[in-house]
Amino acid sequence: MQQINNLSAKINKYQDQIKVATNRVMASGWLILGPEVTQFETAFANYLGASHCICVGNGTDAIELALRAMGVEAGDHVATVANAGMYTTIALLAIGAKPYFLDVDLTTHNVTLAEVKQAVAAGVKAIVVTHLYGLMVPEIEAIAQYCSQKSIPLLEDCAQVHGAKINGQYAGTFGDAASFSFYPTKNLGALGDGGAIITSRFEIFERVKRLRQYGWTTKYQVGVPGARNSRLDDIQAAILSVFLPVLDELNARRRDIATRYTDGITHPNIVTPPKSGAAYVAHLYVVRCQHRNKLREHLSRQHIASEIHYPIPDHEQPIFGKQFQNISLPHTEQLKNEVMTLPCYPEMSDAEVDHVIDSVNGWVL
């Protein structure tokens with residue numbers, strides 16, 4: 001079966017470097033927030049061109065702690081899209097904040113400046129912009145400028161766009177802060193959970209450092225409310241330091257596979273994503289199809305896995321009951337029935353890519 005992703009292939013390719021890194025950590029005896037974490041934080045901040053990187057336990061904690069550091073409190077309304085897997089909404093619920101859901105563009109699947117302006121006019125406390133499927137929000141520069149003019153904090157959710165850039169500027173450096181996930185399947189992934197917050201604002205940096213470790217102002221003295229224990233371990237940091245230097249190379253391969261798909265898939269019932277240059281790092285290759293289930297069944301018979309990212313919009317999740325039944329997000333609600341993910345990861349061979357293309361084109365509706 002052709003998998004959506006094949007982590008074993010990646011691990012096998014870099015197993016020697018991984019062993020050196022993990023052995024180095026074990027020999028040091030420093031396992032939590034040690035020198036490997038500090039080294040990676042510096043390297044990742046430098047890679048992005050940001051002032052600060054603070055590593056935490058996972059990407060969802062990164063969203064929550066970044067929003068707390070930006071001043072979001074219980075009862076505040078925060079704008080977020082509803083088509084990105086519930087992760088930001090979960091972070092908001094942990095704070096006690098309330099989601100204000102934004103619709104997305106039908107082609108890019110990302111939020112628009114017009115939706116952000118509508119949310120600001122409605123009085124939200126902060127904006128979360130999610131760069132989805134590896135594609136940066138095309139209007140991120142204009143959104144950042146608008147939020148700055150209106151003094152509305154802007155958080156970029158960059159869990160799926162490590163290394164993407166627009167006009168030479170990396171995702172994660174447009175807003176007041178950015179959250180990253182290092183879940184193993186990410187473009188820059190660890191071999192376990194991990195996350196980070198990027199910012200060039202010193203006050204956010206200082207507050208997040210305390211929020212990730214009990215709210216300590218000094219050791220054992222808790223002075224910052226809303227904190228938790230969310231720390232990256234040194235083994236994962238050392239592994240990330242193995243993968244960071246090859247991130248651009250791996251992204252280039254992902255982009256090459258995506259280009260082959262977009263050029264090669266010609267089935268009239270399938271809509272492929274647009275080519276977007278450096279702004280797209282092909283974390284996921286997501287097509288649209290009105291007869292998605294039939295296509296998935298066909299691909300399964302060809303031994304090709306597929307997935308749906310994501311089948312249930314946030315405002316329709318069972319935990320909310322009828323709370324958001326009067327909200328209209330027409331593009332989000334259309335996309336939930338059409339989006340489908342094809343295999344796309346750097347270790348795929350050209351032959352495997354061609355097999356997916358031929359199988360998709362060979363589907364008879």
Next item on the list: Using R₀ = 22 Å, calculate the FRET efficiency as 1/(1 + (r/R₀)^6) where r is the Cβ-Cβ separation of Asn167 and Gln145; round to 0.05.
Entry: 0.95
Check: Out of every Cα-Cα pair in the chain, what percent are more than 29 Å apart?
Finding: 41
Next item on the list: Indicate, rounded to the nearest 5 percent, the antiparallel portion of the DSSP beta bridges found entirely in the chain.
Entry: 60
Note to self: For the chain, set up a GNM with springs between Cα atoms under 10 Å and report which of Ser230, Ser28, Ser181 has the largest fluctuation.
What the structure shows: Ser28
Note to self: Using Stokes-Einstein with the Kirkwood hydrodynamic radius over Cα pairs, what translational diffusion coefficient do you get for region 1-72 at 25 °C and a viscosity of 0.890 mPa s, in µm²/s rounded to a whole number?
What the structure shows: 163
Next item on the list: Enter the Cα centre distance for the pair region 255-281 and region 139-192, rounded to the nearest angstrom.
Entry: 22
Next item on the list: Compute the distance in nm between two label points, each set 7 Å from the Cα along the Cα-to-Cβ direction, one at Arg301 and one at Thr42.
Entry: 5.8
Next item on the list: Per residue, how big is the convex hull around the C-alpha atoms of region 119-165? Give it to me in cubic angstrom, could you?
Entry: 73
Notebook entry, point to check: So how much slack lies between Asp248 and Asp263, counting 0.36 nm per residue of separation and subtracting their Cα-Cα distance, in nm?
Noted result: 3.2 nm
Notebook entry, point to check: Under a point spin-label approximation (7 Å from Cα along Cα-to-Cβ), what is the Glu73-Gln323 distance to one decimal in nm?
Noted result: 2.0
Check: Which residue fluctuates the most in the chain, going by a Gaussian network model with Cα springs under 10 Å, if the choices are Ala122, Ala171, Ala45?
Finding: Ala122
Item checked: Simple spin-label estimate for Gln17 and Asn229 in nanometres, 7 Å along Cα-Cβ -> 3.3
Next item on the list: For Lys125, go through the lysines and keep the ones whose alpha-carbon is under 22 Å away, minus same-chain ones fewer than eight residues off.
Entry: Lys98, Lys117, Lys150
Item checked: Of Tyr47, Tyr345, Tyr310, the one that fluctuates the most in a GNM where the chain has Cα springs shorter than 10 Å -> Tyr47
Item checked: Three principal axis lengths of region 246-361 [C-alpha, angstrom, descending] -> 47, 33, 23
Check: So if we plug the beta-carbon distance of Asp354 and Ser8 into 1/(1 + (r/R0)^6) with R0 = 25 Å, what FRET efficiency do we get, rounded to 0.05?
Finding: 0.70
Notebook entry, point to check: Cα to Cα, under 25 Å, and not fewer than 8 places away if on the same chain: which lysines meet these conditions relative to Lys294?
Noted result: Lys336
Next item on the list: Name the lysines eligible as straight-distance cross-link partners of Lys10: C-alpha to C-alpha under 29 Å, and not fewer than 8 places from it in the same chain.
Entry: Lys19, Lys165, Lys186, Lys275
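We did not get these values from a lab; they are worked out from the coordinates using the rules stated. Note that the structure is a prediction, hence the values are computed from the model and not measured. So basically every Cβ, Gly included, is an ideal-geometry build from the backbone, and we count neighbours across all protein chains shown.
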